[in-house]
């Protein structure tokens, strides 16, 4: 299962996205669920450019907003990303999970 954890810091308007695991829908390299999540994550990163810091290792990708770097498109791109993940979760509930934590 792919677990996606969204952490929002409303006071500073910072976010962290943690994507971990493999869907297990099909064998590695042929898994359409993993591919869909990957393209959403990679598009999110590419669209936000220098406004995010990415940490990556096998089976894990963490994306953090960089404080002080304003990106006016970020809220819209974040909403697009979350909507895409929710659509995947609705279609493949045994393979994708998303959670949101707000830290005040």
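The table below lists the values:
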{"item": "Sole exception among (1) under 13 Å from the mean Cα position of the chain (by Cα); (2) loosely packed, with under 11 Cβ neighbours inside 10 Å; (3) without any contact (Cβ under 8 Å) to a residue 60 or more places away in the chain for residue 99, by number", "result": "(3)"}
{"item": "Unique match (being part of a helix (DSSP H, G or I), touching a strand residue (DSSP E or B) at 6+ places or on another chain (Cβ under 9 Å) and either on the phi < 0 side of the Ramachandran plot or at pLDDT 90 or above (or both)) among 45, 98", "result": "45"}
{"item": "Scan of region 60-73 for residues that are part of a strand (DSSP E or B) and surrounded by 15 or more Cβ atoms within 10 Å (Cβ to Cβ), ordered by number", "result": "61, 62, 63, 64, 65"}
{"item": "Set 37, 33: member being more than 18 Å from residue 6 (Cα to Cα), modelled with pLDDT of 95 or more, in contact with a strand residue (DSSP E or B) (Cβ under 9 Å, 6 or more places away or on another chain) and not in a strand (DSSP E or B)", "result": "33"}
{"item": "Residue in region 76-89 that is over 14 Å from the mean Cα position of the chain (by Cα) and under 17 Å from residue 4 (Cβ atoms) present", "result": "no"}
{"item": "Failed condition for residue 15, given (1) in a strand (DSSP E or B); (2) touching a residue at least 60 places away in the same chain (Cβ under 8 Å); (3) touching a helix residue (DSSP H, G or I) at 6+ places or on another chain (Cβ under 6 Å)", "result": "(3)"}
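Results for (1) surrounded by fewer than 18 Cβ atoms within 10 Å (Cβ to Cβ); (2) over 19 Å from residue 98 (Cα atoms), shown as yes or no for each residue.
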position: 6; (1), (2): no, no
position: 9; (1), (2): yes, no
position: 19; (1), (2): no, no
position: 28; (1), (2): yes, yes
position: 43; (1), (2): yes, no
position: 58; (1), (2): yes, yes
position: 80; (1), (2): yes, no
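The values are calculated or read from the model by the stated rules, or taken from the named source; none is laboratory data. Not measured: the values here are computed from a predicted model. For neighbour counting, all protein chains shown are included, and Cβ atoms are generated from backbone atoms with ideal geometry for every residue, glycine included.
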